[in-house]
Every structure is written in C-alpha cells, then in structure tokens.
Amino acid sequence: MAYVKNLFDSNFIQYASYVIRDRAIPEITDGFKPVQRRIIHTLIKNDDGRFVKVANVVGKVMAYHPHGDSSIYTALVNLANKDLFIDRQGNFGNMLTGDGASAGRYIECRLRGITKDILNTNPKITPYVETYDSRDVEPVTFSAKLPLVLILGAEGIAVGMSTYILSHNIHEVIDAERKCLRGEKFTLYPDFPTGGLIDVSDYQDGLGKIITRAKMDTSDDKKIVITELPYGSTTESLCDSVEKAAKNGKVKISSIQDYTSDKVNIEIKLARGVYTKDVIDSLYAFTECEQTIYCNLLVIKDNMPVQMTCTQVIEYHSKQLTGILKKELELERAELMEKLHLRTLERIFVEERIYKKIEQQKTEEGVVQAVKAGFVPFKAELIRAITDEDVDHLLKIPIRRISLYDMNKNKQEVEAINERIKEINKLLKNLVAYAISWLDGIEKKLNAEDLQRKTEITNINTVDVKAVTKRDTPLRYDEKSGYLGIEVPGGEEQFKVTPYDKILYVRKSGIFSVSECPKKLFTGPGLRYCGFADKESLSKVLFTVIYRDPATQFVYIKRCKIAGYIMNRDYFFAPDGCEVLHIDTRKEFEFALNYVKKPRLKVLTEKFKAQDYEEKSLKAKGVRVTSKEVQTITVAQKA
C-alpha cells in the first residue's frame, strides 16, 4: 500500500507540475502559453509573406504540440483575434456576438511583420530545446521586448491554482515601460476590445477586482440602446440575461432586438408606463449589463508559478528589454568585428600578393603555413590572430575576384563597419535611452486603432440587488404536507419575500433554523413560527417559550430574542430532553396551567401572565413557573 501511495503521489505531482507550467499558466518572459508559443514559432519558421490555410498551420504546429488539433485551432483563432501578431483572412468569428470561426480549411492567416520586431528568435539569444519527439527544436521561451502577458491577457485553470490576467492597452503598456525606464511613476488599468465602462478603484495593480458595465444610450425615456458590451459578455449572452430577467419579473420591458454588426446595437423597448430611469438599475442588478471580475496575475517565472502585480511585470520587462537589446548589440558588434577581420585579411592578402607565396607549395600544410607566414609582418593590423578557418576562407577566394579586387570599395565597407561599431559602443553606454527609442519606434509601427483606449474608466456605484428587488413572491406553508417555500402549490401564504431573503422557521418540536428563502422545504406539520431572519427583524421579535421537564413534570418559561445564528444549523429553544408546550411572539398574553390531580390539591388550574417574566438570553435556562406537576397548558388566544 505504501508503494502504491508513493506512486500515486509522485505521478500526481508530475501531472500537476505539467499542467501548471506547460498548459494553463503563461510564461512572464514572453506572455505565451506553450500552444501559443508553438503557433508563433511555426508561423515564423514558415513565413513567406503570403496567407496560408489555418488547417495547414495547425497540422505543422502538431509537430511541436503533443495534443489534439482542436486545442491548436482554438488557440490560433483566439490569438489571431488579439490583432497583434497574426493577419486574418476569412471568418474568424465575432467577439461581439459570440459567433465562432469557420473551419480551419476555410480561413487563412499569416504572420505580421511587427512580430519579429517584438520577439527575438536568434538561437544565440533565445534558448531552444528538442521537441517532444526529438525531430526538431522549439524555443523554450521567446525573448520578448514587450510585456505581452499584460497586452494579451490570459485565463487558465491549473491544479490548485488559476490565473486571470486582464488585457491592457498596448500604447499604455509601452508608455508605462518608458516611464519605468526613466524612473517615473506609472499606473496601468485594463482595456478591452469590446469597450464598455470599468471601475478600477479596487483593481489593486492586477490582484483585485474591477466592475464593468455596458455603455448605454438613455436619451429616450421609452427605449434603451446598448452600444458597448461589458467585458466577458457577448450580445447573445447579454440578450439572454435580459430576457431571463424579464421573464422572472425583474425587468419590465416589452421587447429586445439585437441589430449588432461590426458595432454593438441592442435595442430594449420598455413596457407601457415604465420609463428608462425605472429600469436602468434593474438592468445592472439582474443582467449581464454589470459584472464584477476578479483578477489574479499568476505567471510562470524562473520555472515556478508566481503571483505578481502589473508594476512588477513592467519592472521585470524593462530590465528584460535592456538585456535583450544589449545582447543584440553585442552579438552584432561581434559579427561586425569578425566581418572587419575578414575584410582586413582579404585586403592584405590581395594588396601584398600573399597568394603568390603558395605557388611553390606542394602540400596543404605547406600552403597554410605559407599564408600564415605572409601575414606575420602585418600582425599589428589584424583584429585577432589568424586561424586555419581564416586561411581556408582566403584560399576559397576566386582568381577572378582577386584580379578585379576594388580597394576603394573595401575601404568604404571597412569605414561603414567601423562607424557602426562606434555607434554600437555608444548605444551600449546608453542602453536606457536606446530602449526608450526602440519603444518609440515600435509604437510608430502599430496601427492607430491599437493605440486608442476602447474602455472608459469611470466611478461605478454598484447596484444592491436586494435593494432593487421587490418583495412580491408569496411564501406559503401547507399544514397537511408540512412544506414551506415559494414553490409550494397550496397552503396558506405567510408573507411576501424575495429570493435573497433569509427565513427563520420554528418547528413544532421547538427546533428553529435559518435558511435562504426556501423553494420547497419540509418543516413538518404544526409550524410554530416563520419570519425574516435579518437583524432588524429579529430584534423586534420576543419569543416566549413554555416547556415541561418530563422527569418532574414541572413547567418552565423563557423569554428571549435570537441575536445570532449559523445558516442551516438546528437550534433548540429548550434544554435537551424537555418538551416544548407553546411558543408565542406576543409581548403580553395569559396562559393557564392544568395540574395533575393529587390528594389535598384543591386548585387544579392556575393562570399566569407572560409579561411578568423577564427577558433572558437564548442560552439561559427558563424560570420555573410553579413547583406543581403540570398535565396540560391553555393559552389565551388573541383578542
């Protein structure tokens, strides 16, 4: 058993780690989940500037992604609809209406040029590993120059954790990164392609919540037009929520029509005698016109899931941007130095006629040594020591090229290389300024639409659902069946309720409980009391409980109020084992005790007033009314 347990524990940990790192949670370095990274890698590798069938792309991605084509297709469509890396052709669905994309064989896509500007794919900078079948290689993570995790957003559920990162406006993200590089303060708030209104007062830098609302045109008193959607809704889901609310009597409308095409246009006509001001709060309370979204910025950092804030992500990527730019400049400088070294070798090789010295050599080794010896007098002019690879490069120069060698052209090329090396050295000394200029450049390449904020930030006073819900649903109790609730067909109406009320009910046995407004709850016959369980209501109800101890037949009285409770938990007014004879909520009433007949007992019935006894706490023991054994009790009815 111990072996099996250890085996299960080990396998589950491996599975959980795989789901967290390789499926559900995005990587902070490039903001991608593995399937997204593999899609972009495939598009980069096969990019020829032309559109290609999505089905074809999906098939090629499967060489890197060890899962089904359905997950790849869905991820590609969602990524394309972000309008950043992928150009679309065909029906990729409609995020406003919720309509899905056409099948992969009918739609096409291609890589946008800006992708290669944002993502560095150079193997000398970006680490690569073998694919799952070792037939190819794929990037571990792209070296991204922008915090894509904030621009694209992400949502995922893993084992024991989840992430919900809202998308942000790319211009605002770039501006925040610029300010971070300058050491200035910055703030970031979400921005959604569907527009709408948001309240970010509790956003907490990506770890709190936002309240989002639809944008409405309320200029007409008899008609409401929804022009922008709240985040997370489609026109279909929003219309369904309005129709459901109208059916349940929460919103009074006569009709709702969806005229959405490329822009949202939902027209709500109100019922006769109802005006816009009467309906607007109900729409926010009972439909998808208002939603609260909780955020959790969880990412993979250094191969571990880490919760971060937007500020921390920007700070991380500011350092990453300067780091990538530094590596690119150093790599370019090394390549230029190598190029300069080769041009110098070629010039000396031709200008000093070193190639003449190999004519008398009869062995390959002798040729190599002759060339190296020829460069000895010019050692000071060389960038580095000459190697066998350098000699091999010189020996491969065609005779025709040697005879037509242009010294002036070589000189100009060397000067251009030196100028670029000086420029690189200058940039390396001013990396922050270079990073800011790079951000300015990438912003100019974006579409003007990408830079405009679509969601309006405002202060939203949330509508209390309970406050706008009218108590118009009858709560019924059927004595015969013993059922209590709003869906009980027969019985006697107790009072009007809302679905959000808490109800206190006292059974015949003296046990009381508090629950949400019941639909159909069995409480048994002889229900003693039923009422609202809010503090204000309970503070006005004084319970008078008369109970009898079976061991002595003595009767006790207790007057108390219910100050607190736990939902759906049973409480007993009387001590355990005692029999509750009567429960009353009147402040004043009379009751009579009928004693057990005994010799010398002349008075068999005696009257008492409930108001003569003091109020005590719920947990207190009752006061003994008399020291005589009681057979029955008679309570005076209301006048």
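The values are calculated or read from the model by the stated rules, or taken from the named source; none is laboratory data. Quick caveat: nothing in here was measured; it's all calculated off a predicted structure. FYI the Cβ positions are ideal-geometry reconstructions off the backbone, even for glycines, and counts take in every protein chain you see. Protein only, heavy atoms only, side chains kept; ligands, DNA and RNA dropped before computing areas. Shrake-Rupley method; radii C 1.70, N 1.55, O 1.52, S 1.80 Å.
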Original post:
What FRET efficiency comes out for the pair residue 136/residue 332, r = Cβ-Cβ distance, R0 = 30 Å, nearest 0.05?
Top reply: 0.65
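Only four residue types carry charge here, +1 at the Cβ of Lys and Arg and -1 at the Cβ of Asp and Glu. Report the dipole size of the stretch 278-376 about the Cα centre in Debye, rounded to the nearest 20. Walk me through the intermediate numbers first.
Working: 13 positive and 17 negative charges, 237 e Å.
Its charge dipole is roughly 1140 debye.
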Original post:
Once the Cβ-Cβ distance between residue 83 and residue 342 is put in as r, and R0 is 41 Å, what FRET efficiency do you end up with, to the nearest 0.05?
Top reply: 0.40
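Would you mind telling me the antiparallel percentage of the DSSP bridges in the chain, rounded to 5?
Working: 86 of 90 bridges.
Counting DSSP beta bridges with both partners in the chain, the antiparallel share is about 95 percent.
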Original post:
So what are the ³J(HN,Hα) numbers for the stretch 564-575, from phi and the Karplus equation (6.51, -1.76, 1.60; θ = phi - 60°), rounded to whole Hz, Gly and Pro as x?
Top reply: x, 6, 10, 4, 6, 10, 7, 10, 10, 5, 9, x
Subject >> Accessible carbon and sulfur surface of the stretch 17-165 relative to its total accessible area, %, 1.4 Å >> reply: 47
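Dipole size in debye (nearest 20) for the chain around its Cα centre, Lys and Arg Cβ +1, Asp and Glu Cβ -1?
2420
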Original post:
Which listed residue (85, 475, 101) has the Cα farthest towards the positive end of the charge dipole for the chain, taking +1 on Lys and Arg C-beta and -1 on Asp and Glu C-beta about the Cα centre?
Top reply: 475
**OP:** Please work out whether the stretch 56-170 counts as rounded, prolate or oblate from its C-alpha gyration tensor, where a ≥ b ≥ c are the square roots of the eigenvalues and a/c under 1.5 means rounded, while otherwise a/b larger than b/c means prolate and anything else oblate?
**Re:** rounded
Original post:
Under a point spin-label approximation (7 Å from Cα along Cα-to-Cβ), what is the residue 420-residue 472 distance to one decimal in nm?
Top reply: 7.7
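Can you tell me the relative contact order of the stretch 524-620? Whole percent, Cα pairs under 8 Å, sequence separation 6 or more.
Values: 125 pairs, mean separation 28.0, N = 97.
It comes to 29 percent, rounded to a whole number.
How much length is gained if the chain between residue 365 and residue 121 is pulled fully straight, taking 0.36 nm per residue apart and subtracting their Cα-Cα distance, in nm to one decimal? Don't skip to the answer; put the middle values down first.
Numbers: separation 244, 0.36 × 244 = 87.84 nm, distance 3.98 nm.
Length difference between fully extended and current span is 83.9 nm.
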**OP:** Could you size up the charge dipole of the stretch 258-310 around its Cα centre, putting +1 on the beta carbon of Lys and Arg and -1 on that of Asp and Glu, and report it in debye to the nearest 20?
**Re:** 80
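Probe of 1.4 angstrom, ligands and nucleic acids ignored: what's the accessible area per residue over the chain, in square angstrom?
On a per-residue basis, the chain sits at 54 Å².
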Subject >> Mean separation of Cα contacts under 8 Å, 6 or more apart, over the residue count of the stretch 259-415: relative contact order % >> reply: 15
Original post:
Add -39500 (n - 2.57) for each DSSP H run of 4 or more in the chain, then divide by its residues: what number comes out at 222 nm, to the nearest 500 deg cm²/dmol?
Top reply: -10500 deg cm²/dmol
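For the stretch 570-639, with all protein chains present and a 1.4 Å probe, just round the carbon and sulfur fraction of the accessible area to a whole percent. Don't jump to the answer; show the numbers that get you there.
On the way: 2340 of 4950 Å².
Answer for the stretch 570-639 is 47 percent, counting heavy atoms of protein chains only.
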